[in-house]
1. Under the 0.36 nm per residue contour assumption, what length would be gained going from the current alpha-carbon distance of residue 30 and residue 59 to full extension?
2. List the GluC sites (Glu not before Pro) in region 1-37 that DSSP assigns to loop (not H, G, I, E or B) and whose Cβ has at most 15 other Cβ atoms within 10 Å. Which are they?
3. Within 10 Å of each residue's Cβ, count the other Cβ atoms and sort 16, 63 from fewest upward.
4. How do 23, 59, 8 rank when sorted from fewest to most other Cβ atoms within 10 Å of their own Cβ?
Amino acid sequence: MKELKPLWLAWVGEEMPPIEQVWRLYLRRFTIDHWYRFLKQRLHWTVPKLSTPKQCERWSDLMPLERIVC
């Protein structure tokens, strides 16, 4: 059986929500983590040196097309 480790959570806001709500929000983070991993690996976000929002937008538009064409 896997050993359970303590889980440290932080909340920034005026009022702490109920722990049941915090737990549900924490579980959602996996969906977000997978999206960022996809952005970094598949869209090659670690490769370009972009300096403007327009360049970032263009890169995001072009990289999925590259996967279709190649």
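Each value in this text was obtained by applying a stated rule to the coordinates, not by laboratory testing. These figures come from a predicted structure and were not determined experimentally. So basically every Cβ, Gly included, is an ideal-geometry build from the backbone, and we count neighbours across all protein chains shown.
1. 8.0 nm
2. When the GluC sites (Glu not before Pro) of region 1-37 are filtered for loop state and at most 15 Cβ neighbours within 10 Å, 3, 14, 15 remain.
3. 16, 63
4. Starting with the residue having the fewest Cβ neighbours, the order is 8, 23, 59.
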